[in-house]
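Encoded as structure tokens, the structure appears first; notes follow it.
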Amino acid sequence: MTTSRQVLLLVGSARRPRSTSEALGSYLLERLAEKGFGTETLLLHRALKSGEKREALLEATDRADVLVVAFPLYVDSLPSLVIRALELIADHREGGDQSRPQRLLAIVNCGFPEAQHNDTAIAICRRFAREAGFEWIGGLSLGGGGAISGRPLAEAGGMARNPIQSLELTAAAIAEGGALPEEAVEAMARSIIPSWAYRWMGWFGWRQQARKHGVQRQL
Ligand SMILES: Cc1cc2nc3c(=O)[nH]c(=O)nc-3n(C[C@H](O)[C@H](O)[C@H](O)COP(=O)(O)O)c2cc1C
């Protein structure tokens, strides 16, 4: 059964030119486009800039059958860009006609290697869906997002294997009209790189930056 045809991706990362949030969301949209969905992507750091753009964001949200909110974890929660967008959408929908089913899922990635850091942010999105009249179909949680570092998943090699598997399953579930299967949630949460290797990369990057700025002796 394929009845819902339009999917909107909201990217909540302020990182430019590319973010892991966008890489994950785009991969999902590409799979959905192959399944016949119309797709649209809005980068929130641009989409919230003026009244006109905010209006366009709300119109795009109204058109969407499936809303995908992809963002990085900031201080154990949602980035302010995402909070602002969700508040605007909730206000806009209050008292409106919500008889047309619209589905929502969240994709959250964090810097620490463990995906559980994203649990609270996912719970906030689930609560938002309920209060703003969306059908919550699930949340995907990636740890160690820095290892992808905004690269398109197709170019990220073996590290992207689990996220790709998760997003393929997610696309199939959306096309079927169902909620995200547990297998998709588990695949996204699986470590994409051994914790020790990720920590070593972080340490190495930190030292390199210090050297670049001439402060390595102050670490
Ligand atoms: C302001 C700020 C706060 C952050 N807070 C957290 C945090 O609480 N926990 C965590 O694991 N990562 C945290 N991170 C790291 C990001 O979640 C991580 O780098 C992520 O992969 C960035 O994804 P993006 O490329 O989609 O922006 C923070 C990053 C920034 C810039």
Arrange Ser50, Ser99 by Cβ neighbour counts within 10 Å, fewest through most, would you? Ser99, Ser50
Roughly how many debye, to the nearest 20, is the charge dipole of the chain about its Cα centre, given +1 on each Lys and Arg Cβ, -1 on each Asp and Glu Cβ, and no other charges? 1160
Which number do you get for Rg(Cα) / (2.2 N^0.38 Å) in the stretch 102-219? 1.27
Straight distance only, please: which lysines reach the Cα of Lys212 with their own Cα at less than 24 Å, same-chain residues fewer than 8 apart left out? none
Rel. contact order, % - alpha carbon contacts under 8 angstrom, at least six apart, the chain: 22
The stretch 1-55-the stretch 155-219 distance, computed between alpha-carbon centres (Å): 20
Take every DSSP beta bridge with both residues inside the stretch 33-143 and express the antiparallel ones as a percent of the total, to the nearest 5. 5
Top positive-direction residue, dipole computed over the stretch 6-192 with Cβ charges, set Leu10, Gly51, Pro181: Gly51
Between Met188, Met201, Met159, where does the largest GNM mean-square fluctuation fall for the chain, given springs only between Cα atoms within less than 10 Å? Met201
What is the Cα convex hull volume of the stretch 31-117 when expressed per residue in Å³? 128
Neighbourhood net charge (14 Å Cβ-Cβ; Lys/Arg +1, Asp/Glu -1) for Phe204: +4
Counting only DSSP beta bridges with both residues in the chain, what percent are antiparallel, rounded to the nearest 5? 5
For the chain, just run the numbers: alpha carbon Rg, then divide by 2.2 N^0.38 Å, N being how many residues it has. 1.04
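No lab work stands behind these numbers, since they all come straight from the coordinates. Please read these numbers as outputs of a predicted model, since none were measured by experiment. FYI the Cβ positions are ideal-geometry reconstructions off the backbone, even for glycines, and counts take in every protein chain you see.
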